[in-house]
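One structure below.
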Amino acid sequence: MKDVDGFREYAGSRLEGWRRTAYLLSGDWHLADDMVSSALTGLYRHWDRVSRMDNPDAYIRTCLLRAMLNERRRPWRRERSFDVLPDRAATTPPPDGVADREAVVALLAELPARRRAVLVLRYFCDLSVEQTAAELGCSAGTVKSQTSRALEALRARLQGTGLVAEEA
Amino acid sequence: MNDLTEQMRAATAAPPPSTLDLDGFIAREQRRTRLLRWSGGSGAVALLVAAVLAVPALYAGDGGTGLTPGLAGPRCPTPGPNPTEVPQDPAEPGPSPLPLDRCAETAARLGTALRAALAGTAPRVTATPRTPEVFVYQPRYAQYEADFALAGAAGTGGLRVEVKVVPDNPPTEQQVCPPGQPGARKCSYRITRSGTVLFTYDANFSRKAEAYLRDGTLITASAGVPVPEGTKTHEVAPPPLTTDHLLALVQWPGLRLLPGVAASPPPPGDPATEALIDTIVLNLRRKLPDGAFAQPPVPGSPENGLRAWYEAGGLGVITAEVAGTCVDPGAAAECDREPCPEQPDSVYCVVDTDGTRIVGAHGSATLFTPAGRVFTVTAEGALAQRLTNADLAVIAQALAATPPR
């Protein structure tokens with residue numbers, strides 16, 4: 001018999017955190033909800049097994065990463081050409097602080113998917129290099145090099161604004 | 001907030017309301033689990049009932065293939081059961097069935113035609129049909145199909161020929177063989193003067209030719225060889241039939257429209273007019289690959305030269321006029337052989353090296369030949385917006401080059 005109450009308690013307490021992680025990975029709140037929904041489905045169906053794991057959070061983060069990669073492969077996410085340019089967003093400046101908050105998401109969106117995932121796992125989820133490597137299924141050296149290149153790319157775009165500190 | 005971690009936390013600090021409803025999600029998953037359990041149990045019961053009902057039918061001697069005898073006419077040859085095929089969903093309407101009373105007759109006629117076609121196009125290749133009837137009717141796809149084993153000096157392989165009616169327009173070149181794309185050199189796309197669309201694809205170990213006739217018939221012939229696991233496709237010997245062989249097969253006169261399906265007869269008209277219309281259709285299909293040419297060509301009258309028009313469904317009308325000589329007093333100024341004068345931007349004027357002169361305005365192009373013939377192409381409606389002066393000039397040049405039939 002599935003421990004539904006246990007699942008509800010676990011998922012309910014972490015749902016907002018998963019949404020935030022998914023948002024940083026995807027750059028879109030609606031897409032983030034889709035990714036979390038997809039991850040929740042996997043989590044519910046394997047809850048008996050996942051609930052006995054030492055670190056169930058790693059399972060859901062892996063689900064989110066897979067959902068992000070799968071979403072990018074869908075046909076409607078591919079580049080399309082149009083005869084007419086779509087409507088542009090309003091050019092009025094956003095309220096104070098909004099531009100700064102959106103800047104980091106826009107910068108992350110410019111990075112390749114795995115580099116973005118490395119930054120989110122290390123700097124938002126506070127995972128170590130080894131933990132990040134385990135969740136991404138690669139070596140610690142790969143995580144370090146991906147992190148270095150991602151930070152280098154961000155620095156190049158920010159031109160020394162100080163947003164990105166030197167890697168420890 | 002000069003730190004990346006802080007920036008990330010700030011960026012996610014004010015999320016919009018979530019569309020996720022955890023309680024609703026759990027309720028849906030519980031319903032799904034119950035449904036799966038119920039359908040699994042009822043599926044087993046249904047299988048048991050079907051097995052019990054099938055036993056008397058098997059003992060009665062009817063193997064279960066083909067149609068019930070006595071339904072209408074001779075027995076229609078149908079393919080045997082395929083154990084790997086997914087059964088058709090009864091709720092989903094399949095292709096409209098062809099008249100079954102002529103099915104056996106049609107299968108026999110197509111079989112005879114295909115044997116003759118193989119003997120005529122590839123006499124050195126031995127083709128052995130996999131079923132005694134050669135063609136069988138596949139009701140799932142409403143098509144006649146034939147399978148052959150091929151053996152020739154170049155190797156062995158298989159051949160499959162399918163004949164069916166397709167309700168849609170034939171595919172455009174952009175859809176099946178886009179120029180400039182990787183793999184374009186493996187395919188060819190051609191529209192014949194009679195409006196038949198011919199398409200071939202050659203992947204060395206697998207080749208295909210398709211013919212879309214103007215009456216809606218689609219004939220497909222594909223030849224291939226099995227690629228053993230672990231073998232690269234370029235290491236496999238190609239099938240003994242080339243794409244030229246396959247093209248000849250799909251254009252064989254006997255492999256034609258299925259009986260019982262109404263063909264739109266070609267419009268009556270004089271051969272010169274029909275030749276002009278075919279040229280217009282050919283050029284329009286090239287220029288407007290996404291155009292839906294739903295209307296049949298309508299011939300005009302050959303009085304005072306020739307005049308024909310063609311309605312491209314939803315796009316407008318294109319008119320072609322051919323005058324025998326340049327004698328219209330109103331057009332006298334256009335008929336002289338002087339070089340093109342300076343014209344406003346909206347007018348297009350070119351003098352060719354052979355003296356051919358093309359004058360165009362928006363939606364119209366007129367070509368004057370040195371022999372004194374005048375070809376005018378006029379586009380109306382949306383066609384006038386989509387076809388440039390150069391496009392119309394190309395059609396006018398093609399009309400001028402069209403030999404009378």
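Here, each number is a calculation from the coordinates, and none is a lab measurement. On a predicted model such as this, the values are computed, not experimentally measured, just so you know. Reconstructed Cβ throughout: ideal geometry from the backbone, glycine too, with neighbour counts over all protein chains shown.
Take the alpha carbon gyration tensor of the range B:104-221, find the square roots of its eigenvalues, order them as a ≥ b ≥ c, and report rounded if a/c is under 1.5; if not, report prolate when a/b exceeds b/c, else oblate.
Since a/c reaches 1.5 but b/c is at least a/b, the shape of the range B:104-221 is classed as oblate.
Averaged across B:13-21, how many Cβ atoms of other chains sit within 10 Å of each residue's Cβ atom?
Neighbouring Cβ atoms belonging to other protein chains average 5 per residue here.
Could you run the Karplus curve 6.51 cos²θ - 1.76 cosθ + 1.60 with θ = phi - 60° over the range B:200-217 and give me ³J(HN,Hα) per residue in whole Hz, x for Gly and Pro?
In residue order, the calculated couplings are 10, 9, 10, 10, 6, 7, 8, 10, 8, 9, 10, 10, 9, 7, 5, 7, x, 7 Hz.
Work out from phi, with θ = phi - 60° and the Karplus expression 6.51 cos²θ - 1.76 cosθ + 1.60, the ³J(HN,Hα) of each residue of the range A:110-120, listed in order in whole Hz, and give x for Gly and Pro.
7, 7, x, 4, 6, 5, 4, 5, 4, 5, 5
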